[in-house]
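The values are calculated or read from the model by the stated rules, or taken from the named source; none is laboratory data. In this text, all values refer to a predicted model and were calculated from it rather than measured experimentally. Counting neighbours? That spans all protein chains shown, and the Cβs are built from the backbone with ideal geometry, glycine included.
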Amino acid sequence: MKLLLISLIMQFYGLNGLQSGTPISGYIVLDSIYNPALFESSPEWRIHVLAEFTYTNDYERRAEFVYDQFNNSVGEFTTYSNSHGYMKPTNITLSLAKKRINIVAGYELLSSLEYVFDQYVRSNDYSRLYHNYFISHGAIYSYFAGFGLRGNHVSFGLKICRLVSSTDVNTNMSYILSPGDKSSIVKKTYSLWGNVDLLPRVHLSFSFSPDVTFEDIFPAVLGLLKVGTYLPDRTELGISYTPPSDIVSEVQFIGGNRGDYPFYKINFVHNFLGIYPFEIGGGLQKIDGDVWDSNFHLGTGLIKNNLKMSVGINYHYTEVTAGVHKNYYTETLINLKLVYSK
């Protein structure tokens, strides 16, 4: 049961990359289509439409340490492994901007609640004893509307959000006392955004979202523990520098926290020939205690007329040790983003 709880904690407290959004890099605070405070001034109304989809593959492997007669660890053997893939719409945003105001509305996937634990338990002679599985389908998503206001060197943005958590849980575990079922929970929250032009080529962006708790998001009872989902408060501070060049190059650094868990990311963006963006970077995010999620991303795209297209891949790796057990988690996200501007 402890290992299953570790898996659920990893899944719902921050391992899943979708929790932080998924543009090519996943770095929303420095991306104008996500940050309502970042927009270009225009004498006429300009419309921007974003459509974003992400394919995710989650892989989990559980192992136990093997010891010799002197109690020295000599290796490990795999007790369980499983891979699960799925695709979800990640973001659909409409933005209308003119002069010093930006109006936004849309849909955003905040956290995927997809998780599959599927295990056949066998005896020493490999006969099947019973089938353990814990299968969750669902997500926490946000419907939002907001605005951005721009001054000479400072801009501000606000989003009002209606969060909906929807899950469908199917369980058959020998130690679960009460099986899961469908559930839906609605919450209301907000997020604040901003940007400051420190120098002509240096920009400081920030955002804040308060914590949101979904109590008993799963009706399943694991022992005496009811499983809920907690989205901790998220603060981000990003700084970008664009060196003088005819072709746009930019170095970005993002630091922040989800509750008491910090994350650090660095990103490099270059625009080849003005139409082929290239992006590479990585980072670390604290999950719990001394557990860290390391991630790497790579992306490219095409800019032609009023259409921008990007394709990116994000890779996350985390390992957790608990006594003689060691769990490995990887997550690979392939992201497609289309932005139309007119």
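For the reader, a short list of remarks on this structure follows.
- The set of residues from segment 237-250 being part of a strand (DSSP E or B) and at pLDDT below 90 comprises Ser249, Glu250.
- Any hit, segment 29-46, residues being surrounded by fewer than 16 Cβ atoms within 10 Å (Cβ to Cβ) and over 30 Å from Ser240 (Cβ atoms): no
- In segment 138-166, residue farthest from Tyr55 (Cα to Cα) [restricted to those that are polar (S, T, N, Q) and assigned to a strand (DSSP E or B)]: Ser155
- Residue list for segment 292-311, filter: over 26 Å from His48 (Cα atoms) and in contact (Cβ under 8 Å) with a residue 60 or more places away in the chain: Asp293, Asn295
- Residue in segment 125-137 that is more than 28 Å from Ser183 (Cβ to Cβ) and either part of a strand (DSSP E or B) or within 18 Å of the chain's Cα centre (by Cα) (or both) present: yes
- Some residue of segment 296-304 being charged (D, E, K, R), surrounded by fewer than 16 Cβ atoms within 10 Å (Cβ to Cβ) and not in a strand (DSSP E or B): no
- Verdict on Thr171 being farther than 30 Å from Gly106 by Cα and touching a Pro at 6+ places or on another chain (Cβ under 7 Å): yes
- Which numbered condition Leu15 misses (of (1) surrounded by 22 or more Cβ atoms within 10 Å (Cβ to Cβ); (2) over 21 Å from Leu96 (Cβ atoms); (3) at pLDDT 85 or above; (4) not polar (S, T, N, Q)): (3)
- Of all residues in segment 263-275 being part of a strand (DSSP E or B) and farther than 19 Å from Asn314 by Cα, the one that is nearest to the chain's Cα centre (by Cα): Asn271
- Some residue of segment 112-124 being among the polar types (S, T, N, Q), surrounded by 15 or more Cβ atoms within 10 Å (Cβ to Cβ) and either under 30 Å from Met173 (Cβ atoms) or touching a residue at least 40 places away in the same chain (Cβ under 8 Å) (or both): yes
- Matching residues in segment 304-321 - criterion: being farther than 29 Å from Glu76 by Cβ and touching a Ser or Thr at 6+ places or on another chain (Cβ under 9 Å): Asn306, Leu307, Lys308, Ser310, Val311, Gly312
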